[in-house]
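Let me begin by presenting the structure, written as structure tokens, before commenting on it.
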Amino acid sequence: MTPREIVHELNKHIVGQDDAKRAVAIALRNRWRRMQLDDELRSEVTPKNILMIGPTGVGKTEIARRLAKLCNAPFIKIEATKFTEVGYVGRDVDSIIRDLADVAVKLTREEAVRKVRRRAEDLAEERILDILLPPPRRLPSEEASESDDRDQETRQKFRKKLREGDLNDKIIEIELSAPSVGVEIMAPPGMEEMTQQLQGMFQNLSSNRSQTRRVRVEEALKLLCDEEASQLIDEDEIKRRAVENTEQNGIIFLDEIDKVTQRSDSRGSGGGEVSREGVQRDLLPLVEGCSVSTKYGTVKTDHILFIASGAFHLAKPSDLIPELQGRLPIRVELQALRVEDFERILVEPDASLTEQAKAMLATEGCQLSFTAEGIKRLAQTAFDVNETTENIGARRLHTLIERLLENISFDAPDQPDTTIEIDAEYVDQQLHDLAVDEDLSRYIL
């Protein structure tokens, strides 16, 4: 996809923030450009990591998440505050890459299963028919060809019934491979590799076992299809491709990076600043490029794209350690949302909040509609509450809409085939008192 096409797709889900969209679109296109280079030069081109600066709720996480979905790339969002310097209580930063590899394996396996799904369905169908039609006993005087023709004819009749769903409710007994035993082992930071080896050992103990289950034909078809699909795919090939996908296409979203910075006016004060700079120094090798051992093999992080974000209300980007600043060369500032942005968020994106509300109530036979004035008043209320209390950006709209539609949602099952219009007067009636009263807004909205 070209940068223009990427921005166009992002516009379907995110309002405004054009600079951030352009930056991530160029970063994604640069990956394609890099793959067109010869091998010698390709290894020298590193991704231009991005630092997004902006208040909460303006679309930083959504931009990164939608970008990963667009390119079907392994993506993981992590909170920088969950990680601590090696030696302190908390998660080790290497677990970020291990989690990303898990996501890549899941994506690769799903893709492989989709390719063999049709063949797996045919094999599962044959197994169901074998259960429904066990081989008959032949009489010594009966010729094999006559018996085979009759069996095939019966089998085709049952196959037709199976495909048409006539046998869905019939209970049958099937034999399935027993699921591997999942053992959760808690280990101190830095010993994740030993944990993975122990888990693999326990899983191997339960391999090659089977279990018998009595289920409906419809459910049996799904279970057998999944089992056949898992036998048709090559796990070693999936792991190899997943590691390659992680290295070449992985995207890591480092949220709240500002929370692990040491403010310039508090350097040397100690206390709460302990270990913050250590987290940055531990993150630095991942961003610069290093090798991390995972249960699927060694993953090199040289070409993984890192998108860091933070509100930077108290700290500044310059409070990051210089080495990490240099590894986040693209800086993008996201703007706080205005009233007009709230209006657009309510109606423009695919599956907007108003569309979701209409669809949910339509299941009860209630036809909901929003007037232009109602949308404006709702947007203005969200903006005002953000200004007077904590500014949580577009997330405020979720709270307001739930509060706005609370009575309608409660009464909808008892009043089918009703039409309700949400106008400015209705918004004022439901939200005005709460929005005006600052103390109430803090606790309810």
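The values are calculated or read from the model by the stated rules, or taken from the named source; none is laboratory data. Here the structure is a predicted model, which is why all the values come from computation and not from measurement. Positions of Cβ are backbone-derived with ideal geometry, glycine not excepted, and every protein chain shown enters the neighbour counts.
Things worth noting here:
- Residue in segment 425-432 that is polar (S, T, N, Q) and either at pLDDT 90 or above or over 31 Å from the mean Cα position of the chain (by Cα) (or both) present: yes
- Selection status of His8, in a loop (DSSP other than H, G, I, E, B) and not assigned by TED's automatic domain parsing to the domain that holds Phe383: no
- Complete set of residues in segment 14-45 that are surrounded by fewer than 17 Cβ atoms within 10 Å (Cβ to Cβ) and among the polar types (S, T, N, Q): Asn30, Gln36, Ser43
- Residue in segment 374-382 that is free of Cβ contacts under 8 Å to residues at least 24 places away in the same chain and more than 27 Å from the chain's Cα centre (by Cα) present: no
- Output for segment 322-359, where each listed residue is closer than 22 Å to Ile251 by Cα and touching a residue at least 12 places away in the same chain (Cβ under 8 Å): Glu323, Leu324, Arg327, Leu328, Pro329, Ile330, Arg331, Val332, Glu333, Leu334
- Neighbours by Cβ (under 7 Å, 6+ apart or cross-chain): first from segment 45-56, more than 21 Å from Thr261 (Cβ to Cβ); second among the charged types (D, E, K, R): Val45/Arg34; Thr46/Asp302
- Top-ranked residue of segment 150-176 - restricted to ones that are basic (Lys, Arg) and surrounded by 14 or more Cβ atoms within 10 Å (Cβ to Cβ), ranked as nearest to Thr212 (Cα to Cα): Lys170
- 3 or more residues modelled with pLDDT of 90 or more, not assigned by TED's automatic domain parsing to the domain that holds Arg281 and not β-branched (Val, Ile, Thr): qualifying helices (runs of 4 or more DSSP H) within segment 295-381: 339-347, 353-362
- Options Leu70, Leu100; residue that is more than 30 Å from Phe158 (Cα to Cα) and at pLDDT 90 or above: Leu100
- Being surrounded by 15 or more Cβ atoms within 10 Å (Cβ to Cβ), at pLDDT below 85 and either among the hydroxyl-bearing types (Ser, Thr, Tyr) or under 22 Å from Val260 (Cβ atoms) (or both) is true of Phe83.
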